[in-house]
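I have placed the structure first, in the form of C-alpha cells, so that the comments after it can refer back to it.
The values are calculated or read from the model by the stated rules, or taken from the named source; none is laboratory data. Since the structure is predicted, the reported quantities are computational estimates derived from the model, not experimental observations. So basically every Cβ, Gly included, is an ideal-geometry build from the backbone, and we count neighbours across all protein chains shown. These area figures cover heavy atoms from the full protein model, side chains too; ligands, DNA and RNA do not enter into them. Shrake-Rupley method; radii C 1.70, N 1.55, O 1.52, S 1.80 Å.
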Amino acid sequence: MNWDIWLNEHETVQWQGRPAPRCFTFRHWQKSLFGFVVLIVALWWQWAGVGLMEEQQQWAWSVVPLPFVLIGLWLSFGRLVAARREWEQVFYALTDQRLLVQCGVGRARLIALPSEQLSYARLTMLGAQLGHLYVEAAERCLTLSCLEHPDTLYRLVETQIAANQQASEQTSALADEK
C-alpha cells in the first residue's frame, strides 16, 4: 500500500498492515446464520404464499413475503460478499502522527486518529497470531479487525498511550504549580 496520498508532510509510517481475508469476511458469521434462518422462513412463506395465490386468485399472498426473502438474502449472503469486496480496500497504518485506516466499498475513504489523542487500547486475540485491536482517541473509537501478528501494533500504540498519559500528567503538574 502506498500511503503517500494520505500522509502529511514529514510524516513517516512506523507500521502498516491489513486484515486477514477470511477472518475479515466471516467476522460477523453469527449474523449470517441468523440471516439464513430468516431466509428459510421467508422462502417457506413465499412458497405458501404462491399456493394461496393460486388457490384464492389474490396476487398479494405471493408479493408480501418478497421483502423478507430479500432481507434474508442480504443478511445471509449479501453481507459476506460486501465484506469480501470491502477487504480489498482495507489497510491499516500507524505513523509518527496518526493511526490511519483506509476502508470503504467502491470508493476508498480514510479514518485518521491523531496519536496525541490515543487514550486506550485493548487487544482481543482470536487465535495464536490473529486479533482485533480496539482503540479509543478523544471522542472516537475504532476497531482494527482481524490483524495478523497484532502484538507489534499493540506495543506501538501502548507506547504512544503511555507517552500521552505522561505528557498529560506533566501538564497537570505544571497547572497545579501555578
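If you take the beta carbon distance between ILE5 and GLU177 as r and set R0 to 35 Å, what does 1/(1 + (r/R0)^6) give as a FRET efficiency, to the nearest 0.05?
Working: r = 45 Å, r/R0 = 1.27.
Step by step, r from the Cβ atoms, then E = 0.20.
Taking R0 as 45 Å, what FRET efficiency do you get between GLN129 and ARG109 from their Cβ-Cβ distance, rounded to the nearest 0.05?
Numbers: r = 28 Å, r/R0 = 0.63.
Computed FRET efficiency for GLN129 and ARG109: 0.95.
Split the accessible area of the chain by element, probe 1.4 Å, and carbon with sulfur accounts for 59%. Before rounding to the nearest 500, sum -39500 (n - 2.57) across all DSSP H runs of length at least 4 in the chain and divide by the residue total; then give [θ] at 222 nm in deg cm²/dmol. About -14500 deg cm²/dmol. Which one, TRP61, THR25, VAL37, projects farthest toward the positive side of the charge dipole computed for the stretch 23-86 from Cβ point charges (K/R +1, D/E -1)? Value: THR25. At q = 0.13, 0.14, 0.15 Å⁻¹, what is the base-10 log of I(q)/I(0) for the chain according to the Debye formula with one equal point scatterer per Cα and no solvent? Please give it to two decimals. Relative scattering, expressed as log10 I(q)/I(0), comes to -0.76, -0.83, -0.90. Membrane-span-like helices in the chain, defined here as complete DSSP H runs extending at least 27 Å along the helix axis by their C-alpha atoms with mean Kyte-Doolittle hydropathy no lower than -0.5, are 29-56; this is a sequence and geometry rule, not a statement about a membrane. With a Förster radius of 30 Å, plug the Cβ-Cβ distance of TRP59 and VAL37 into 1/(1 + (r/R0)^6) and report the FRET value to the nearest 0.05. Efficiency, rounded to the nearest 0.05: 0.65. With just the Cα atoms defining each centre, how far is the stretch 75-107 from the stretch 5-55? Give it in Å. The stretch 75-107 and the stretch 5-55 have Cα centres spaced 13 Å from each other.
Inter-label distance, ARG122 to GLU86: 2.0 nm, where each label sits 7 Å from its Cα along the C-beta direction. Using C-alpha pairs under 8 Å with a sequence gap of at least 6, the mean separation divided by the residue count of the chain gives a relative contact order of 20 percent. Packing, as the average of other Cβ atoms within 10 Å across residues, places the peptides 37-47, 17-27 in the order 17-27, 37-47, highest first.
Could you report the chain's accessible area per residue, 1.4 Å probe, as an integer in Å²?
Details: 11320 Å² over 178 residues.
The answer is 64 Å² per residue.
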